[in-house]
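Here, each number is a calculation from the coordinates, and none is a lab measurement. Quantities reported herein were computed from a predicted structural model and do not represent experimental measurements. All Cβ positions, even for glycine, are placed from backbone atoms using ideal geometry, and neighbour counts span all protein chains on display.
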Amino acid sequence: MLANEIGWKWRFLIIAAAVITFLPSVNNGFMQDDFVLLNRVEILKTNPYNLIEVTPELFRVTSYIVLAILKALFTYDYRAYYVVNILLHAINSVLLAEIANEVFHNDRVAIVAGVLFAVFQGPQEAVMWIGAMNETLLGLFVILTILFWLRGRYLQAMVSYTLALWSKESALVVLLIVPLIELYRGRRGFWRQFIWLLVPTAAFTIAFLLTFSKNFMVNNEIHAFRWHAVITLARSLNRLLWPWAYLLIVMLRATKREWPSSRSMLVTGALLTVAVLPYIFVTYTYLIPSRQTYMASAILVTALSAAVLQLSSRRLQTAVLVSFIAFNVVYVWTRKDSQMQRRAAPTTALIEELKTRSPGPVRIIGFEYPAAEMAKGAAVTIPGWRWEDVELIPPGDRCANCVILEWDRDTLRYIRRNN
């Protein structure tokens, strides 16, 4: 292999690492918002303007295009959706390795970065949840934007950045990530090319402002500018860094009698902060959901890769890498997969229950999630069942000529109740 070149065998290794790590999710079934999104695909066929009414879904266009294609090809065979999302993550991991190679001019750092991102469990929701595919698509177009930029292909960077903006609003962080990387590389004349990124930003800004009044995340204060954002930022960064970043800092100090360079630490900290910045204003938690740390995770593992290869011996480097890979793969297979299966259980069990019955009015007590659309969307995946057949009701309600099912969280199944 030529110096600073990533051979096809290493690319295949990175892809294999991603596939092996997230393979257990393929049989998990659809869950939660998946059913809402799949139903919205049908609505958009006749009324594409519906996306404006449910803003910010307008800025998820790439997700709906992919879902529409997958639904046309595979209907409700969820396995195909998971395979596509896993392969998307694998491609992102390979492209991340290319970026690392451009920045560090070191093929070893690049390969390690690609492998570590492929197996990292930190952003697992983005890979193991179809409804979070907008994060992997966002990752694809942001990574492509940065890669094209670093290679001086500014027109291609503008196109991929435009697609990133229509994958998710948080793509705006590119405007901060690119300068930080360029400053780290010591390149100062890059501002002259920044117009390539400002043009699509201007178009996006106009669309965002015109639809702002219909943005349900802002209007319902799901996201809001509040003081808690500072705590959310601190807690989320700590969870992302723990334990690997702290461990490597200590190991570098112990084995080389020096701390990582202040320049590297500052740039990495700034990049991580920028990557999660759009998400820290979430009001229902003090921790950013794992799916929204996808880009930050790519930055983190790249920094970890450079740090690992600075350790004093090859044996120690190998031990750390093997430990990281083994822990993350096992954690996904044993812990994260079972968590995602449990999240899918209310709709998976409902589908299995409805398959045993003739279509007709069904009322559900104790459904795991508050949105009736999730139960309704699950029902319409079964031939003969209609959206209006299924409703949620509180305990004690009665319904003539209805089947009443109550969700049992302990047994993960539905129990038939008498009217």
Angle in degrees between helix 228-241 and the longest Cα principal axis of the chain, rounded to the nearest 10: 70
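How large is the helix-only mean residue ellipticity at 222 nm for the chain, computed as the sum of -39500 (n - 2.57) over DSSP H runs with n ≥ 4, divided by its residue count, in deg cm²/dmol to the nearest 500? Mind showing how you got there, number by number?
Numbers: 19 runs with 256 residues, N = 419.
Value at 222 nm, helices only, nearest 500: -19500 deg cm²/dmol.
Explain nothing, just the number: dipole magnitude of the chain about its Cα centre with +1 on each Lys and Arg Cβ and -1 on each Asp and Glu Cβ, in debye rounded to the nearest 20. Present the calculation step by step, with values, prior to reporting the outcome.
Details: 40 positive and 28 negative charges, 238 e Å.
For the chain, the charge dipole is close to 1140 debye.
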0 to 90° range, to nearest 10: angle between helix 133-150 axis and the chain longest Cα axis: 20
The range 344-417, dipole about Cα centre (Lys/Arg Cβ +1, Asp/Glu Cβ -1), debye to the nearest 20: 220
Rounded to the nearest 20 debye, dipole of the range 215-267 from Cβ charges on Lys, Arg, Asp, Glu: 280
Options (i) 41, 25, 20; (ii) 43, 23, 20; (iii) 43, 31, 20 - which one matches semi-axes √(5λ) of the Cα gyration tensor in Å as calculated here: (i)
The chain: most fluctuating residue of Thr348, Thr255, Thr283 per GNM, C-alpha cutoff 10 Å: Thr255
Selection from Trp259, Leu88, Leu147, by position along the positive dipole direction of the chain (Cβ): Trp259
Highest-fluctuation residue, Phe204, Phe30, Phe12 considered, GNM on the chain with Cα pairs under 10 Å: Phe12
Between the range 322-336 and the range 13-87, the Cα center-to-center distance that results, in Å: 25
Whole-number percent relative contact order across the chain, with pairs defined as alpha carbons under 8 Å at least 6 apart: 19
